[in-house]
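Below is one structure, written out as C-alpha cells; the observations come after it.
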Amino acid sequence: MNDHSNDTRLPRVADIEDAARLLQPHAVYTPLLESPRLNEELGARVLFKAEPLQRTGSFKFRGAFTAISRIASAQRAAGIIAFSSGNHAQGVAYSARLLDIPAVIVMPSTAPRVKIDNTRAYGAEVVLYDPTREDRETIGRRLASERGFTLVRPYDDFDVICGQGTIGLEIADQADALRTRIDTLLCPCGGGGLVGGIATALHARSPGTRVYSVEPEGFDDTRRSLLSGRRERNATGGESICDALLAPTPGALTFAVNRDALAGGLVASDTEAMTAMHRAFNDLKLVLEPGGAVALAAVLAGRFDVRGRTAVVVCSGGNVDPEFFARCLVHD
C-alpha cells in the first residue's frame, strides 16, 4: 500500500499558491455572498464563502484534486482509495474521474444517501461499512494493501491542506476587491485541514484576521486540543447530524498547523445548525448541509459576537438529503 500523506512539512503560503495554480483550470472560484438583512440583524458586515457551489458541492474537491494530481503517474495508474463520510468521497471520486484513475471509497452505511449515490455516479467503487462495529482506516488499509492502491487521506495530508487553503487566497483577494478588511473568519472544522489551510493563507495575505474553528457540540476535539496544547480525542458513542465533522481527533499535521494558526475554537448545537440551514436558504438562497452550516450557526446563536466587525463565515458544503433539508426549512 502507498500512503500519499508522507510529507510532514507545514504548508506555507507559497505552497498554497502552487495549489491555486494547479486548480485554476478545474475548480470553481466561489463567490463571497452578503445579506443586508443578516448584516442589519447582526450589527456587522458578514461575508459568506459559498463552497456548496464548488464542484461536488463542497470544498473537498480542492484538496482531493491537488493531492491526486501530485501522485506519481505509476502509482496513480494502480488506483487510489479513500475513506470518508461523503464529501471527501465525492471530491476524490470526481477528481479520479477527471484524471482517469480507478477509485475505491470506503464510506459508512449511515452516510447521507445523496453522498453515497453521488460518489457512485462519479464512477468510484463504494465499499460500505458499519461504523458501530468496524473501523474505516483498518478497512481502507486492508483494501489498499490487497489492491496496491494509494491512500488519499481526508485531511491529514500536506497537499490536501494546500488545496483547501486556496479558499483563503480567494477570500483575501475578494476582500481586497471589496476594499474591506476582514477582522474575523469562522470556519467549520472536522479533522482541521480546511481551517488550517485557510488560516495559513490568511496569515500571509490578511495578517490581522483572527481565524476560529467551529465544531458540533460533543465533537469539539480541535477546540479542546487548542486549550490543552495536545491532541484530544472525542468520546465514543456520540451522535450529531453534522456527519461531515465527526473526526475522532485532530490530525497530527493539521494540529501542528492549527495550534499556532488559530485564535480559538467554538461549537454549535445540532439545533443551531438546522436553524442556520434555514436562514442560509432564506437569506442567501444557499443550500447547506449541517456540517457546512456550523460557522453560520455559531454567529446566529451568539456564540461569537460579530457586532461592529467585518467577518467571513465559511459555508463548507451543501450535500444534504432532500428529505432532511425539507425538515430544516420548516424548523424554527
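The values are calculated or read from the model by the stated rules, or taken from the named source; none is laboratory data. Here the structure is a predicted model, which is why all the values come from computation and not from measurement. Note that we place each Cβ from the backbone using ideal geometry, even for glycine, and neighbour counts take in every protein chain shown.
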Could you look through segment 141-173, keep only residues that are assigned to a loop (DSSP other than H, G, I, E, B) and not acidic (D, E), and pick out the one that is farthest from I80 (Cα to Cα)?
-> Y155
Looking only at segment 36-55, decide whether some residue is touching a helix residue (DSSP H, G or I) at 6+ places or on another chain (Cβ under 9 Å), assigned by TED's automatic domain parsing to the domain that holds A121, of a type in the set (S, T, N, Q) and crowded, with 21+ Cβ neighbours inside 10 Å.
-> no
Candidates D100, D7, D117, filtered to the one that is on the phi > 0 side of the Ramachandran plot and of a type outside the set (F, W, Y) | D100
Using beta carbons and a limit of 7 Å, which pairs, at least six apart or on different chains, have the first residue in segment 1-16 and surrounded by fewer than 19 Cβ atoms within 10 Å (Cβ to Cβ) and the second one at pLDDT below 90 and hydroxyl-bearing (S, T, Y)?
-> M1/S145
Of the numbered conditions (1) without any contact (Cβ under 8 Å) to a residue 40 or more places away in the chain; (2) in a helix (DSSP H, G or I); (3) over 26 Å from T222 (Cβ atoms), R133 fails exactly one; give the number of that condition.
-> (2)
Residue that is surrounded by the fewest Cβ atoms within 10 Å (Cβ to Cβ), among those in segment 181-208 that are in contact (Cβ under 8 Å) with a residue 40 or more places away in the chain and farther than 21 Å from S58 by Cα | R181
Inspect segment 30-48 for any residue being touching a residue at least 40 places away in the same chain (Cβ under 8 Å), touching a Cys at 6+ places or on another chain (Cβ under 9 Å) and aromatic (F, W, Y) and give the result as yes or no.
-> yes
Count of segment 182-199 residues which are under 14 Å from A273 (Cβ atoms) and among the charged types (D, E, K, R) | 0
Any idea how many residues of segment 207-228 are under 18 Å from A244 (Cα atoms) and in a helix (DSSP H, G or I)?
-> 3
Inside segment 235-250, can you point out the residues that are closer than 24 Å to I116 by Cβ, in a loop (DSSP other than H, G, I, E, B) and either modelled with pLDDT of 95 or more or hydrophobic (A, V, I, L, M, F, W, C) (or both)?
-> S240, I241, C242, L246, A247
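Table: residues versus (1) under 21 Å from the mean Cα position of the chain (by Cα); (2) farther than 18 Å from I198 by Cα.
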residue: V46; (1), (2): yes, no
residue: S58; (1), (2): yes, no
residue: F65; (1), (2): yes, no
residue: A74; (1), (2): no, yes
residue: A82; (1), (2): yes, yes
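Yes/no matrix, rows are residues, columns are (1) touching a residue at least 60 places away in the same chain (Cβ under 8 Å); (2) more than 26 Å from T56 (Cβ to Cβ); (3) hydroxyl-bearing (S, T, Y); (4) surrounded by 19 or more Cβ atoms within 10 Å (Cβ to Cβ):
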{"position": "L226", "(1), (2), (3), (4)": "no, yes, no, yes"}
{"position": "G238", "(1), (2), (3), (4)": "no, yes, no, no"}
{"position": "L253", "(1), (2), (3), (4)": "yes, no, no, yes"}
{"position": "D270", "(1), (2), (3), (4)": "no, no, no, no"}
{"position": "A273", "(1), (2), (3), (4)": "no, no, no, yes"}
{"position": "V299", "(1), (2), (3), (4)": "yes, no, no, yes"}
{"position": "V306", "(1), (2), (3), (4)": "yes, yes, no, yes"}
{"position": "R309", "(1), (2), (3), (4)": "yes, yes, no, no"}
